[in-house]
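Only one structure is covered here, and it is reproduced in the block below.
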Amino acid sequence: MSVAEPVREDWSARMRRLGHAHSIGVLGIVLSVFAFWLALPPWTVRTLGVPIAFAILGAVAGVWAVSRGEKRVGWWALGLAIVCIAGAVWAVGHKVDALDAVFGTSLLAATLRAATPLTFAAIGGIFSERSGVVNIGLEGMMLSGAFFGIAVVGWTGQWELGVFAAMAAGGVLALIHAFFSIHLRADQIVSGTAVNFLALGVTGYLFRSIYGSQGTPELEERIPDVTVPLLDRIPYVGDVIGTMNLMIWMAILLVIVAAIFLFKTPLGLRLRAVGEHPRAADTVGISVFGMRYGAVVFSGMLAALGGAYLSFGFGSSFNENMTIGKGFIGLAAMIAGNWRPLPAFTVCLLFGFSDGLGRRLQGSDLLPNVISSPNLLSTLPYVITLIALVGIIGRSRPPASVGRPYAKQ
């Protein structure tokens, strides 16, 4: 046995130990959060013993993870255990009706509604950046999809045509970005910024020219809701996901399909290879330009679907700059999710949950008047998301060649 073999075995054992410690630390975080949830609907446990017991288990798991070298997740599990015990004490001290008005099924339904447009933008960004092209123009593509989609629905009365029009508008903007970024090798950040300003100017001008001060007319059709048989009859669960907008189901399905495509199919492997090592991919016969063009255009179409949901899925009107930064939030979710669909979707859900929570706390009696200020609570989704992502996820590793133009030799 060579000298390198024991070293290699020790390193492998250390990696396995850290992996186990990370899993236990994550379990501690889950147990701590569940301890607080027990004092909220639908459980609304009125005795502190049960939540405290689960929080203690979470704290023990965190201490164990720290002792095994997984300090980041372990300390978070320990800190959350303390915070969640305090939260459980606070929840037990309030009436069930007041808690149900804020933390009931409506909050979970609002979480899915708020996360849907972010999910379309985040998955679109993943496809683009996995191919090696930064696409900060997702905000403009969402906005163009929102306007042109609702305009076609208003003219034709058919939401299906509106969805296709939105995807076409987003695809055209993405094609412009792809041409400058891939073919002309322009700075991809500058190109994406130009796309955002272009979409803002074009949609604003057309909106004022066509609809004026009256705004978009009342729609005869919107993207419909879908009711799942039997699922809608399950208590609590049926109130949340028994009947949801079609676009919400599409966003959930998109996350699953994107994860399978990127990591379980040959074409997904080619896409990731183009973003990691374009020279090597070109050497084995993969069209770098073709893959990047396709990925960028597809990302624009997905982002436009998020805009369509905003204008005639969840809502029924269009306002200038109605996306208000949701494309950038989707990009942040993509980065925090380490360019993977499932973690990015989790971040979108976290933002949607904190957004819905902030809106419901504004009109409740659960917080003092100083804290329940609308201006203060409107920052809650950004604060919670930032703390959780920076503290738990930490540094992400982007695709190796993202943002770097490729010159074919």
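Got a sec? Which of Val240, Val297 is assigned to a helix (DSSP H, G or I), touching a residue at least 12 places away in the same chain (Cβ under 8 Å) and over 22 Å from Phe164 (Cα atoms)?
On inspection, the qualifying residue turns out to be Val240.
Filter the range 254-279 for residues that are of a type in the set (A, V, I, L, M, F, W, C), touching a residue at least 12 places away in the same chain (Cβ under 8 Å) and in contact with a Gly (Cβ under 7 Å, 6 or more places away or on another chain); which is nearest to Ile123 (Cα to Cα)?
Within the range 254-279, the match that is nearest to Ile123 (Cα to Cα) is Leu262.
Taking Ser181 as the residue in question, decide whether it is without any contact (Cβ under 8 Å) to a residue 60 or more places away in the chain, among the hydroxyl-bearing types (Ser, Thr, Tyr) and not in a loop (DSSP other than H, G, I, E, B).
When the stated conditions are applied, Ser181 does not pass them.
Inspect the range 310-326 for any residue being in contact with a Gly (Cβ under 8 Å, 6 or more places away or on another chain), surrounded by 18 or more Cβ atoms within 10 Å (Cβ to Cβ), polar (S, T, N, Q) and assigned to a helix (DSSP H, G or I) and give the result as yes or no.
yes
Residues checked against (1) surrounded by fewer than 14 Cβ atoms within 10 Å (Cβ to Cβ); (2) outside any helix (DSSP H, G or I):
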| site | (1), (2) |
| --- | --- |
| Phe164 | no, no |
| Val190 | yes, no |
| Gly201 | yes, no |
| Gly204 | no, no |
| Phe207 | no, no |
| Ser213 | yes, no |
| Pro217 | yes, yes |
| Pro235 | yes, yes |
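Please go through (1) more than 23 Å from Phe353 (Cβ to Cβ); (2) open to solvent by 60 Å² or more (accessible area, probe 1.4 Å); (3) modelled with pLDDT of 95 or more for Thr47 and return the number of the only condition it doesn't satisfy.
Thr47 satisfies every listed condition except (3).
Determine whether Ala186 is in contact with a helix residue (DSSP H, G or I) (Cβ under 7 Å, 6 or more places away or on another chain) and either polar (S, T, N, Q) or within 16 Å of Ser128 (Cβ to Cβ) (or both).
So Ala186 passes the test.
The values are calculated or read from the model by the stated rules, or taken from the named source; none is laboratory data. Nothing here was measured: the structure is a model prediction, and the numbers come from that model. Cβ: placed from backbone, ideal geometry, glycine included. Neighbour counts: every protein chain shown. Side chains are part of the model used for accessible areas, which takes the heavy atoms of the whole protein and leaves out ligands, DNA and RNA. Shrake-Rupley method; radii C 1.70, N 1.55, O 1.52, S 1.80 Å.
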